[in-house]
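Everything on this sheet refers to the single structure shown next.
All of the numbers you see were taken from the coordinates with simple rules; none came from a lab. Everything numeric here is computed off the predicted structure, so don't read it as measured data. Cβ atoms come from the backbone with ideal geometry, glycine included; neighbour counts cover every protein chain shown.
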Amino acid sequence: MNFYNGRLTISAVPFFILLISPFSLHDIGWLFDRYICGVNTVDFAVKSISYYKETDLNTNASTFFTQVVVTSSGWTRPDSNNVSAPIDLRLAFEDGTVIDTSWSETGDNIPIRQTFTFKTKSAPVYAQLDPWNKITDDFNYANNSLMVHDFLRPVVKWADRIFDFFQNALLSTGVLV
Amino acid sequence: MNIGPFKAVRIGVKRAAVNWRIWFVVYGLNFVFAAFLALPLAETFAKDISKSVAGRDLLYGFNYRWYTGFVTSNGNVLQSFLPQAILIFLIYIIIEIFLAGGFYSMLCGNQKIGFWEFLARGSRYFFPLLSITVLECTTLFLLCLAIRGELSESVYQSIGVIAVFIIIVLSDFIRAAIVIDDDNFWSKVKRGLSFTALHSLSTFGVYFCCMIISAMVIGLFFLFHSVNDSTISAGIIVEILAGQIFVLLRIFSKLIFYAAEAALYKENQIEIINVNPEMLE
């Protein structure tokens, strides 16, 4: 770390970590390990979402038990420090309610797979990891979420777009004839 | 009777409207081939879109972050799909060449021909029409090679586009000459230049009109309906219908073009035939 013409210049990452750690009041070496020094490819995924319904025969009230299995690769480092950035997990339900929670990896044996269980009054619609796109390193955003039932409207829309494109491309090629 | 391109287009519209059955032949062909091309791609996309919340964003626009992830997990689908697509396009063009002889025969206005006669005409003129298309494609390819290095220059670009357009128009004229006049085509090349105006009117003019009408229909729908999850389904249906009407109108414009081309060629040809005996006397 040097001062040159009144400007701070950093000679190495460890010095920078030492400099900013007192201000953040945390050891943030793990952040540099992952974002700057790490070579791992980060990928979060919702592997499965399942639920079952229990109905109380006396009150006729239904309770839904939802299980969400999430995995991460690249983000976790078993040899890293005990602190880790939490990953947001959102679970949406049919009645419009949303549960936002977070998956914090702590301890030496950091899990790369975790199962969350929720007990709610409504059936789940989807589970999504990192819904606010905080972790830009995630290289496959497509598997960050999983819907309970297939959602077909975007499929219809884009299938039609692709079909339209080829219809018009064929007609344009027909100009040659 | 010496007719101009505007009159030829009017005749073309009438003849294309009378022979409306051909629309469905061309539409059916286009539909089947587009389905062959679109289905494998749509199926691959569907697997990812239907299960993912990110796919829901695709209802309202395009999600580039989702697409990056899709390419990461599935590889470049478009690239692997290319050889198959080229083959399907090639088969489509060959069938179109086969049908072109029948279209000219039906739309030149002299006779009513049945389906089998339509196919017979197609096979009769297939090889001359194929040879002119191959010649046209070769010329276009060579032209593209020649101007390839200069594509950044807008002047060269414009010259290139005009040259491509003239080659296409000349080839169209020669095709009409082969079928209608049953004559060798090189003698007709000069007169082919007069088809340029016709081509712009009947093909590109109608094409742009269709495009503007479709855009207006979709635009008006979304102007009077706020876009949300419930109206988006109706929006998709409007989009599908507008897309198909647009394709049908493009097919209509193609048939107008065939008929107008035949009219322009045939009517002017009659005048030449009428004049020649007087000159001989």
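Structure notes:
- Separation in nanometres of the label points that stand 7 Å from Cα toward Cβ, at residue A:121 and residue B:146: 7.8 nm
- Were the residues from residue B:14 through residue B:120 laid out at 0.36 nm apart, the gain over their Cα-Cα distance would be 35.7 nm.
- Rounded to the nearest 0.05, the FRET efficiency derived from the C-beta distance between residue B:21 and residue B:64 at R0 = 35 Å is 0.20.
- Inter-chain neighbour count for B:253-259: the average number of beta-carbon atoms from partner chains within 10 Å of each residue's beta-carbon is 1.
- Number of partner chain Cβ atoms within 10 Å, mean per residue of A:145-151: 5
- The stretch between residue B:74 and residue B:163 holds 28.0 nm of extra length on full extension. This uses 0.36 nm per residue minus the Cα-Cα distance.
- Other residues with beta-carbon under 9 Å from the beta-carbon of residue A:141 carry, at +1 per Lys or Arg and -1 per Asp or Glu, a net charge of -1.
- Pairwise label distance in nanometres, residue B:91 with residue B:139, each label 7 Å out on the Cα-Cβ vector: 3.0 nm
- With a simple spin-label model that places each label point 7 Å from the Cα along the Cα-to-Cβ direction, the separation between residue A:12 and residue B:213 comes to 7.4 nm.
- Amide H contacts under 5 Å for residue A:123, placed H, 5+ residues apart: A:94, A:95
- In range of the label at residue B:81: residues from the stretch A:144-166 whose backbone nitrogen is under 12 Å from the point 7 Å along Cα→Cβ: A:158-166
- Positive contributions from Lys and Arg (+1) and negative ones from Asp and Glu (-1), summed over other residues with Cβ under 13 Å from the Cβ of residue B:46, come out at +1.
- Per-residue average of Cβ from other chains inside 10 Å of A:128-137: 1
- For the stretch A:134-161, the residues whose backbone nitrogen is under 19 Å from a point 7 Å from the Cα of residue B:44, taken along Cα to Cβ, are A:140-143, A:155-161.
- Rounded, prolate or oblate (a/c below 1.5 giving rounded, otherwise prolate when a/b exceeds b/c) for the stretch B:55-134 by Cα gyration tensor: prolate
- Per-peptide packing, taken as the mean over residues of other Cβ atoms within 10 Å, places B:38-51, B:112-125 in the sequence B:38-51, B:112-125 from highest down.
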